[in-house]
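Peer 1: I'd like to ask you about the structure that follows.
The values are calculated or read from the model by the stated rules, or taken from the named source; none is laboratory data. The shown structure was predicted, so the numbers you read here are calculated from the model rather than taken from an experiment. As a convention, Cβ positions derive from the backbone with ideal geometry for all residues, glycine included, and neighbour counts pool all protein chains shown. To get the accessible areas, we keep the full protein, side chains included, count just its heavy atoms, and leave off ligands, DNA and RNA. Shrake-Rupley method; radii C 1.70, N 1.55, O 1.52, S 1.80 Å.
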Amino acid sequence: MGIHSKIRKLFADYLRSKGFIELPPVILSPITDPLNHPTAAAQVKCYGKTYQLMQSMIFHKQIAMLYLDKIFVFSPNIRIEPSRLRRTGRHLFEFTQLDVEVRNADREEVMKLCEEMIVNVIKSIKREDGDKLEFLKRRLIIPDPPFKRITYKEVYKKYGKKFEIIVSKKADAPVWIVDIPIDAREFYDREDPNNPGFLRDMDLIYPEGYGEALSGGEREYIYERILYRIRKKNMDISRFKEYLRIAKKGLYPSAGFGLGIERFTRFICGLKRIEDTTLFPKIPGRLCL
């Protein structure tokens, strides 16, 4: 928990030094990330209205770009996923995501930001918390940016559906997977106009078998494109009416990412299971405090 706390401070200090403003997290809202995989609904009734517990603040980040250039949020996320995921050692159904968004940025800009931020934090932990790493028997290697890149198409062809696990186990430094197929992501991620059918997206994969670190990319911001993408996913437009009402008035282009704090802590500390990163872990399928 000492390292977990230090990680939050180092991320926040780094982003503030780059001119970012921290927003308080949104917990309840009529809209949240629909995700591209099934989760159980987490809803409450308030004043006769249905509010959802936040799965991620993606829509709120986009809306925040109307007022601010660069923002970050330590956002608690609730994702009630299948009980079987408790076996992975990488999943919690309540976790904190460091959400970052930059107005008028492209994918390459936020990838560079992310690389610099991660390297800065690892260097600081090694320098300031070497005694804790020694206690944990963790030997951290500082990666050299730019991190290696590989396209989704290339990695899928080479390793098949379980490519993420294989890439992570083979890697000795973080690896970017870029150009995600449009069907594999949500409607708000921007389709590449120069590469139709693929998104201006990226995932970062930890080395040593620790799996996915973050996901992000550029956003769809043109109202007609957003409507087209929702319909292409065969989703109910009424689910997003509050978001669409704002999008119709105009959104800025932006790019960003969400990085799981507990997953980063697990990687830094060299822990076998993610529930060891926090005091009150929410393990899928279990009754947890």
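Peer 1: Do we have any residue at all in the range 222-230 that's out of contact with any Ser or Thr (no Cβ under 7 Å at 6 or more places or on another chain), on the phi < 0 side of the Ramachandran plot and assigned to a strand (DSSP E or B)?
Peer 2: no
Peer 1: I need the full set of residues from the range 69-81 which are open to solvent by less than 50 Å² (accessible area, probe 1.4 Å) and either among the β-branched types (Val, Ile, Thr) or part of a loop (DSSP other than H, G, I, E, B) (or both), in order please.
Peer 2: Ile71, Val73, Ile78, Arg79, Glu81
Peer 1: Please specify each residue of the range 142-171 satisfying the condition of being open to solvent by less than 40 Å² (accessible area, probe 1.4 Å) and touching a residue at least 24 places away in the same chain (Cβ under 8 Å).
Peer 2: Pro143, Phe147, Ile150, Thr151, Val167, Ser168, Ala171
Peer 1: Could you list all residues from the range 139-191 that are within 27 Å of Gln62 (Cβ to Cβ), assigned to a loop (DSSP other than H, G, I, E, B) and among the charged types (D, E, K, R)?
Peer 2: Across the range 139-191, the qualifying residues are Asp179, Arg185, Glu186, Arg190.
Peer 1: What's the total number of residues in the range 225-239 that are open to solvent by 70 Å² or more (accessible area, probe 1.4 Å) and among the β-branched types (Val, Ile, Thr)?
Peer 2: 0
Peer 1: Just one of Glu208, Glu262, Glu242, Glu212 is among the acidic types (Asp, Glu), open to solvent by less than 30 Å² (accessible area, probe 1.4 Å) and in contact (Cβ under 8 Å) with a residue 24 or more places away in the chain; which is it?
Peer 2: Result of the check over Glu208, Glu262, Glu242, Glu212: Glu262.
Peer 1: Same structure again: Every residue in the range 272-282 that is assigned to a loop (DSSP other than H, G, I, E, B) and surrounded by fewer than 18 Cβ atoms within 10 Å (Cβ to Cβ), please.
Peer 2: Lys272, Arg273, Leu279, Phe280
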